[in-house]
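The values are calculated or read from the model by the stated rules, or taken from the named source; none is laboratory data. In this text, all values refer to a predicted model and were calculated from it rather than measured experimentally. So basically every Cβ, Gly included, is an ideal-geometry build from the backbone, and we count neighbours across all protein chains shown. Protein only, heavy atoms only, side chains kept; ligands, DNA and RNA dropped before computing areas. Shrake-Rupley method; radii C 1.70, N 1.55, O 1.52, S 1.80 Å.
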Amino acid sequence: MAEPPPDVTGARIRVALVNDYEIVVRGLAGMLAPYADRLRIVELVVGGEVEQSVDVALFDTYARPGLGLAKLAELVADPDVRHVAVFTAGASRQLAEHALQLGATGLLAKSLTATELADSLERVGRGETVVTSDRIARSRRRAGAAWPGQSRRLTERESELLALVALGLRNDEIAQALFVSHNTVKSHLKNVFRKLDVRNRSEAIATVASAPSFLSRLVPAGSP
């Protein structure tokens with residue numbers, strides 16, 4: 001990673017928002033819009049690479065197995081990215097420590113309010129290592145926020161699980177990716193099937209494919 005230039009006191013922090021799904025990065029952009037006097041969102045990165053020089057890449061790990069450590073390593077190595085903040089709803093202590101060892105400057109919980117997130121990004125952008133909790137907490141959904149599948153009454157976790165199902169992951173792989181038990185995955189799947197009025201995984205995936213409006217860009221083009 002290139003040596004960062006010195007900070008300019010009072011300058012807005014340049015931020016790239018990174019995730020595989022457009023709905024996620026646009027949601028984050030909307031969440032941070034009121035803080036434009038402190039943060040400048042210069043790029044929304046959907047499944048690609050950061051193309052502009054930024055102070056912070058905020059990497060939302062939604063639907064990324066294993067906290068997206070491979071993508072994190074890419075971002076850390078990118079000379080256009082000074083600092084990387086991982087934004088996640090769940091991570092074991094061991095995995096969180098691994099992320100910091102790989103070079104993440106921030107490990108931010110999705111339970112943060114918009115103001116807390118903006119404050120944390122500003123601190124990360126100034127070069128401070130920010131970990132918002134010892135164990136990243138489960139997200140508290142904020143009023144007005146949205147996620148893929150919300151219109152069909154899926155919870156954020158159920159939506160994330162459905163994304164992994166659509167990508168072809170087995171139950172044990174999903175359990176490892178989401179840091180939950182195999183029984184929890186089965187319970188979530190049962191809820192997803194009931195809410196979508198389907199009987200099995202194949203019908204759930206077919207529902208995603210046939211009704212993209214309620215799971216906008218949940219499964220990227222070309223995914224299994």
| remark: For Ala63, the lone unmet condition from (1) under 18 Å from the mean Cα position of the chain (by Cα); (2) modelled with pLDDT of 95 or more is (2)
| Can you spot a residue in region 179-188 that is open to solvent by less than 30 Å² (accessible area, probe 1.4 Å) and at pLDDT below 85? | no
| query | Which condition number in (1) open to solvent by 40 Å² or more (accessible area, probe 1.4 Å); (2) under 26 Å from Ser111 (Cβ atoms) is the one that Leu161 fails? | reply | (1)
| query | In region 43-71, which residues are in a strand (DSSP E or B), among the hydrophobic types (A, V, I, L, M, F, W, C) and farther than 17 Å from Arg126 by Cβ? | reply | Leu44, Val45, Val46, Phe59
| field | Any pair with Cβ under 7 angstrom, 6 or more apart, that starts in region 103-129 at a residue that is of a type in the set (Ser, Thr, Tyr) and ends at one that is modelled with pLDDT of 90 or more and open to solvent by 30 Å² or more (accessible area, probe 1.4 Å) | value | Thr105/Thr129
